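Just so you know, all these numbers are worked out from the coordinates, no wet-lab data involved. Bear in mind that the values here come from a model prediction, so they are computed numbers and not experimental data. In this analysis, Cβ positions are derived from the backbone assuming ideal geometry, glycine residues included, and neighbour counts consider all displayed protein chains.
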Amino acid sequence: MNSAPHRANILNPAMNTIGVGLVKRGGNYYAVEDFADGVSQLGPEQIEQKIGQLLQQQGLQLAAFTQDARQTCEMDHGSAGGSAPRFIMRWEGTDLSRLPEVLEQKIATHQYHKAAVGACDSGNPSQGFTTYKVAVMLY
C-alpha cells in the first residue's frame, strides 16, 4: 500500500478479480498479484440484448434479422440471409459497454435507421478469458 501505483490498482473499483502466485526459491518467497476487471460469461441472447440497447440509445430500431446477423457473425466477410444490409461491422472484444468507434461513426451519419445484432462463439476458450464476438448489420 506504500507504492502509489500498487495502491491505485488495489483500490481501483473497476478491478473485481485477483490472481495470486507464490513461489519459494533458495529460502526466499516471491509473490505476485494480478488485478483485473473480470468479464462475465454471457450467452448469445444476453450479448445481443446489451448491444441492442446501445444501438437503440443511438436512435436505431432493432430489425428482426437476428438469425441472419448470427450467421453473418460466423462469416469472415459478406452477409447471410436475404436481408441486404448496407453496412456490416464485426468485432471481438471484452467490453459490451460501448460500441466500436467505427460503428458509432457510421451511425452518426444518420444514413441508417435499423440494425440487427448477432453474437457467435469467439473460438477462444483455450485462452482462459472471455471475449465476445458480435456482428451488427445496419439498414
*Just give me a number: lysine pairs in the chain, eight or more positions apart or cross-chain, with C-alpha atoms less than 30 Å apart.*
6
*Modelled label-to-label distance, A4 and V23, 7 Å Cα→beta-carbon offset: nm?*
3.1
*Can you give the extra length, in nm with one decimal, that the chain gains between E74 and Q57 once fully stretched, where that is 0.36 nm per residue apart less the Cα-Cα distance?*
3.5 nm
_If R₀ is 22 angstrom, what is the calculated FRET efficiency for the pair T94 and D121, using the beta carbon separation as r and rounding to 0.05?_
0.90
*asked:* Can you tell me which of T66, T109, T94 moves the most in a GNM of the chain? Springs connect C-alpha atoms under 10 Å apart.
replied: T109
*Considering the chain as a Gaussian network with a 10 Å cut-off on Cα pairs, which listed residue, E101, E92, E48, attains the greatest mean-square fluctuation?*
E101
*All other residues with a Cβ under 15 Å from the Cβ of K133 taken together, and with Lys, Arg as +1 and Asp, Glu as -1, what is their net charge?*
-4
*Starting from the coordinates of the alpha-carbon atoms of the chain, obtain the Kirkwood hydrodynamic radius over all distinct pairs and give the value in Å to one decimal.*
17.4
*How much length is gained on full extension from Q46 to T131, taking 0.36 nm per residue of separation minus their Cα-Cα distance?*
29.2 nm
